[in-house]
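The values are calculated or read from the model by the stated rules, or taken from the named source; none is laboratory data. Quick caveat, the model's predicted, so the values are computed rather than measured. Don't worry about glycine lacking a Cβ; one is built from the backbone with ideal geometry, like all the others, and counts go over all protein chains shown.
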Amino acid sequence: MWLQRRQADEEGMSDVNMTPLIDVSLVLVVILLLATPLAFESSFGVRKATSSARQASSETEAPFIEVTILSEDEVQVNREVVSRPTLARVLRPLLASSQTRQVSVKCQDEVSHGAFVEVLDITKLCGAKEIAVAGR
Amino acid sequence: MRPPMIRNNPMCTRINVTPIIDVALVLVIILLITAPMLTVADLDVDLPAAHSRDIEDQGYISLTVSKWGEIAVDEKIVPTVDSVREYLVARMNQDDQKDALVVVRADAGLPHALVRKVLEEARASGAARLAIATRQGGE
């Protein structure tokens with residue numbers, strides 16, 4: 001009987017110890033869960049619109065497209081006021097015909113940052129090469 | 001005859017330290033890798049969603065503006081918006097990061113006036129490159 005038990009103990013030793021593997025896997029899962037929101041962050045570059053660039057745009061038939069966000073739903077492109085859903089339709093041909101593909105974006109104080117970024121995103125997706133954020 | 005129980009399995013009295021060493025080493029490696037990513041303030045920020053992306057710098061200075069208007073340069077909370085310049089200059093001089101990308105992580109619900117003021121302060125502090133942080137994908 002004693003011999004049988006001894007044999008059973010020795011057989012048990014041949015099993016693979018899964019504990020370290022499970023420990024490491026669980027730690028990895030927890031850290032990935034914590035780091036995921038940071039991994040999905042992105043950004044796009046902006047530069048400040050200079051007054052000389054804007055002056056040049058008015059003199060040379062606007063190679064610099066001016067976008068002004070009037071409210072959460074209304075955007076002015078050069079002199080034309082459009083709604084935000086139709087902005088891409090207006091902006092795409094303008095950018096296609098522009099040589100510099102530079103856009104100056106101006107935003108009213110009370111407009112939310114979310115709406116501002118959405119307009120920047122549409123502008124980028126329409127093919128803007130450089131976006132300048134105009135001051136007050 | 002009954003076998004002596006203690007003499008047969010003397011190893012059972014030792015603590016198995018292998019799992020704890022494994023976990024500790026994995027934690028060290030992961031902390032080394034993620035340390036540069038975690039230099040952002042723990043503030044409540046709901047970033048605006050966007051589809052486009054064009055800046056992928058690994059090392060950058062983050063300028064966080066929470067939904068309650070609290071501002072932080074990396075992980076340091078800034079008392080007022082007017083102090084942003086002072087903190088940012090100190091941060092840029094700290095590791096000689098004069099041409100580092102400054103990423104403004106502002107909440108989507110904030111009024112644009114505050115975000116523009118932060119952008120202006122960042123520009124005034126000598127930041128050569130500015131970017132606006134977004135949440136990738138959108139709805």
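If a residue must be more than 8 Å from every other protein chain (Cβ to nearest Cβ), surrounded by fewer than 20 Cβ atoms within 10 Å (Cβ to Cβ) and over 24 Å from B:SER66 (Cα atoms), how many such residues does segment A:103-136 contain?
Of the residues in segment A:103-136, 3 are more than 8 Å from every other protein chain (Cβ to nearest Cβ), surrounded by fewer than 20 Cβ atoms within 10 Å (Cβ to Cβ) and over 24 Å from B:SER66 (Cα atoms).
Can you say whether B:ASP22 is free of Cβ contacts under 8 Å to residues at least 24 places away in the same chain, under 21 Å from A:LEU32 (Cβ atoms) and not polar (S, T, N, Q), as far as the supplied structure shows?
For B:ASP22, the condition - free of Cβ contacts under 8 Å to residues at least 24 places away in the same chain, under 21 Å from A:LEU32 (Cβ atoms) and not polar (S, T, N, Q) - is met.
Can you tell me which residue within segment A:74-87, out of those that are exposed (fewer than 15 other Cβ atoms within 10 Å of the Cβ) and closer than 15 Å to A:ASP121 by Cα, is farthest from the chain's Cα centre (by Cα)?
Filtering segment A:74-87 for residues that are exposed (fewer than 15 other Cβ atoms within 10 Å of the Cβ) and closer than 15 Å to A:ASP121 by Cα, the one farthest from the chain's Cα centre (by Cα) comes out as A:THR86.
Kindly indicate which of B:PRO48, B:PRO3, B:PRO10 is modelled with pLDDT under 65 and at the interface with chain A (Cβ under 9 Å from one of its Cβ atoms).
That would be B:PRO3, the only listed residue that is modelled with pLDDT under 65 and at the interface with chain A (Cβ under 9 Å from one of its Cβ atoms).
Only one residue in B:THR34, B:THR80 is surrounded by fewer than 16 Cβ atoms within 10 Å (Cβ to Cβ) and either of a type in the set (D, E, K, R) or modelled with pLDDT under 85 (or both). Which one?
Answer to the selection: B:THR34.
Can you name the residue in segment B:95-115 that is more than 7 Å from chain A (Cβ to nearest Cβ) and either under 21 Å from A:LYS106 (Cβ atoms) or among the β-branched types (Val, Ile, Thr) (or both) and, of all such residues, is surrounded by the fewest Cβ atoms within 10 Å (Cβ to Cβ)?
Applying the filter and picking the extreme gives B:LEU114.
Which helices (runs of 4 or more DSSP H) does segment A:1-92 wholly contain that include 1 or more residues that are modelled with pLDDT of 80 or more?
By residue number, A:19-39.
Between residues in segment B:126-139 that are more than 7 Å from every other protein chain (Cβ to nearest Cβ) and residues that are at pLDDT 85 or above and assigned to a strand (DSSP E or B), which pairs lie under 6 Å by C-beta distance while being six or more apart or on different chains?
B:ALA127/B:VAL102
In this structure, does B:ASP74 turn out to be of a type in the set (Asp, Glu), at pLDDT 75 or above, buried (at least 16 other Cβ atoms within 10 Å of the Cβ) and not assigned by TED's automatic domain parsing to the domain that holds B:ASP107?
Taking the combined requirement at face value, the residue does not satisfy it.
What is the one condition in (1) touching a Cys at 6+ places or on another chain (Cβ under 9 Å); (2) farther than 21 Å from A:GLY45 by Cβ; (3) of a type in the set (D, E, K, R) that B:ARG116 does not satisfy?
(2)
So for segment B:52-60 (the condition being modelled with pLDDT of 80 or more, acidic (Asp, Glu) and in a loop (DSSP other than H, G, I, E, B)), does at least one residue qualify?
No - not one qualifying residue is present in segment B:52-60.
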